[in-house]
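Below is one structure, written out as structure tokens; the observations come after it.
The values are calculated or read from the model by the stated rules, or taken from the named source; none is laboratory data. This structure is a prediction, so every number in the text was calculated from the model and none was measured. We place every Cβ from the backbone using ideal geometry, glycine too, and count neighbours over all the protein chains shown. SASA here: full protein model, heavy atoms, side chains in, ligands and nucleic acids out. Shrake-Rupley method; radii C 1.70, N 1.55, O 1.52, S 1.80 Å.
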Amino acid sequence: MCSCRTEGKKEAIVDITTYSYEDIEYPKTAIQIPDSVKNKFGENFFLPWEKSPQELFSSLDMLAGKKISYLEKYLDDDAWYGENKKPHKRVHRQKIVENADVQTFPNFQKTGITISHTDLRRIPTNRPGFDTYSKAGEGYPFDYFQETALWANTPVFIAHISKDKQWCYVISPYYKGWVSMRDIAVVDEDFVQQWSSVGYCFPLSDGVSLTESNSNYAVNAKIGMVLPFEEISNNPESVLVYYANSDENQNAKILKAEVARSSLAFDDFQFNGPNLKQLVAELAGKPYGWGGNLENRDCSSMIRDLLGTFRIWLPRDSKDQMSIGDKYEFPETTDEKVRLIQEKGIPFLTILRKKGHNMLYVGDAPNGEPLILHAIWGLKTSYTNEQLAHFLDQYPIEGIHQEEDGKLKGRYIIGESVITSVHIGTENSDIPIPLIDEMYTMTNVLGN
């Protein structure tokens, strides 16, 4: 079946019905985003620069991500599997922990900025940490050491640096954790002053190239990335946007790229149908990326980047996003859930949730069923095959396992951002629990 986007009609990935971005009925009138909400975005995003080290450390436990002391637990845990599908050896874990130099924390304490799209990790290594490969829903892409991607231009506070100076433990606007030091530059007061003295805007696609004519360094902007900018006096069709690089001592410097104004969202970017359609068209069909792996998006980061373009701040973690706005607990029956979504939900401003997965309500299909935009890896499957079950006892296969009831558990892989009904899974007999049956709450992020 076709897994590409088919405009104006339904399409199928495996046995799952999806919709094109053209099928959505976008808002006919603009929704006003309060200035207080927009201001909150700036306050949260620049928090690592605005708060003193003492203030940051005092609130460290409240920030998403593992504390540096997590390394002690990692050292004693034999249940993490690597890229070779074998457990991490203790001798390798010991080297990582020793290099982290936890006893001297915090040993750096400087403000910084990401100079490329980078990964924030639970421990200071790029080696993955997978759960048991043979269990359905584990293994690739679920590297649990991957906390989040940080787009370039993200302010951070560098609290600690490893012995080999290749890793640093940072406090970012979204998460705390370990980042490769080569992706970070140290900023001083002059840099912060210049960076903060202008307005900022957002890219409208992942394909906006940032390059300065006299520099060999370039980076692709990403939806959700924050770009300070200044006007060009003799060219009203373009602006100069800032992006950061480093010198040989890892000190930050500002580069400026000329970018067409039409490819950017400014403060007056309205929350309306045409603008939402443009962003949904860019995001739908993009590969799924657990924790931002490979610069892709998972469920919560896709919603964060979409709404962030309108200066609506959301936490990075999917569970934390549900603490924003007005929350509704779902009733028991499917019909009651649908009724609540349609009565209280606000298209593009309501997040629906099941355990571990957030979905953005985007209005109703012509047949009246609610539609959702979500970045999803797959749906749980369950079926019976005695011959295969016997084989699995002797030869485990990645992504499928047998449970005590004799059923084989697996996944229908979707692996991208899609628009579906909340009833996704109902049409397939191998999917025991349709998505809506697992949903338990929703929130209107701007309230009612």
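Check whether at least one residue in the range 395-416 is under 27 Å from residue 309 (Cβ atoms) and surrounded by 20 or more Cβ atoms within 10 Å (Cβ to Cβ), and report yes or no.
yes
What tally of residues in the range 254-292 results from selecting those that are more than 23 Å from residue 149 (Cβ to Cβ) and in contact with an Asp or Glu (Cβ under 9 Å, 6 or more places away or on another chain)?
Number satisfying all stated conditions: 7.
Inside the range 118-143, can you point out the residues that are open to solvent by 30 Å² or more (accessible area, probe 1.4 Å) and either more than 21 Å from residue 398 (Cβ to Cβ) or polar (S, T, N, Q) (or both)?
119, 122, 126, 132, 134
When the residues of the range 42-86 are filtered to those that are of a type in the set (S, T, N, Q) and assigned to a helix (DSSP H, G or I), which remaining residue is surrounded by the fewest Cβ atoms within 10 Å (Cβ to Cβ)?
Top of the filtered list is 54.
Take residue 227 and decide whether it is under 27 Å from residue 303 (Cα atoms) and either surrounded by 14 or more Cβ atoms within 10 Å (Cβ to Cβ) or at pLDDT 95 or above (or both).
Spelling it out, residue 227 is indeed under 27 Å from residue 303 (Cα atoms) and either surrounded by 14 or more Cβ atoms within 10 Å (Cβ to Cβ) or at pLDDT 95 or above (or both).
From the set of residues in the range 264-297 that are out of contact with any His (no Cβ under 7 Å at 6 or more places or on another chain) and charged (D, E, K, R), which is farthest from residue 237 (Cα to Cα)?
Among them, the one singled out is 297.
Out of the range 323-364, which residues are aliphatic (A, V, I, L, M), crowded, with 20+ Cβ neighbours inside 10 Å and assigned to a loop (DSSP other than H, G, I, E, B)?
349
Is it the case, given these coordinates, that residue 233 is open to solvent by 10 Å² or more (accessible area, probe 1.4 Å) and under 23 Å from residue 311 (Cα atoms)?
no
Could you pull out the residue among 356, 415, 368 that is under 21 Å from residue 279 (Cα atoms) and not acidic (Asp, Glu)?
On inspection, the qualifying residue turns out to be 415.
Of everything in the range 213-272, what is part of a loop (DSSP other than H, G, I, E, B) and closer than 24 Å to residue 313 by Cα? Give them in sequence order.
The answer is 221, 222, 223, 224, 225, 226, 266, 267, 268, 269, 270, 272.
Kindly indicate whether any position in the range 254-261 is under 22 Å from the mean Cα position of the chain (by Cα), buried (at least 18 other Cβ atoms within 10 Å of the Cβ) and under 30 Å from residue 26 (Cβ atoms).
So far as the range 254-261 goes, no, none of its residues is under 22 Å from the mean Cα position of the chain (by Cα), buried (at least 18 other Cβ atoms within 10 Å of the Cβ) and under 30 Å from residue 26 (Cβ atoms).
Against the condition open to solvent by less than 60 Å² (accessible area, probe 1.4 Å), in contact with a Pro (Cβ under 9 Å, 6 or more places away or on another chain) and hydroxyl-bearing (Ser, Thr, Tyr), how does residue 200 come out, does it pass?
In short, yes.
Scan the range 404-425 and tell me whether some residue there is modelled with pLDDT of 85 or more, under 29 Å from residue 295 (Cβ atoms), among the basic types (Lys, Arg) and touching a Ser or Thr at 6+ places or on another chain (Cβ under 7 Å).
yes
Determine which single condition residue 303 fails, assuming it passes every other condition in (1) assigned to a helix (DSSP H, G or I); (2) farther than 16 Å from residue 148 by Cβ.
(2)
For the list (1) outside any strand (DSSP E or B); (2) under 16 Å from residue 245 (Cβ atoms); (3) open to solvent by less than 50 Å² (accessible area, probe 1.4 Å), I need the number of the one condition that residue 205 fails.
The one condition residue 205 does not meet is (2).
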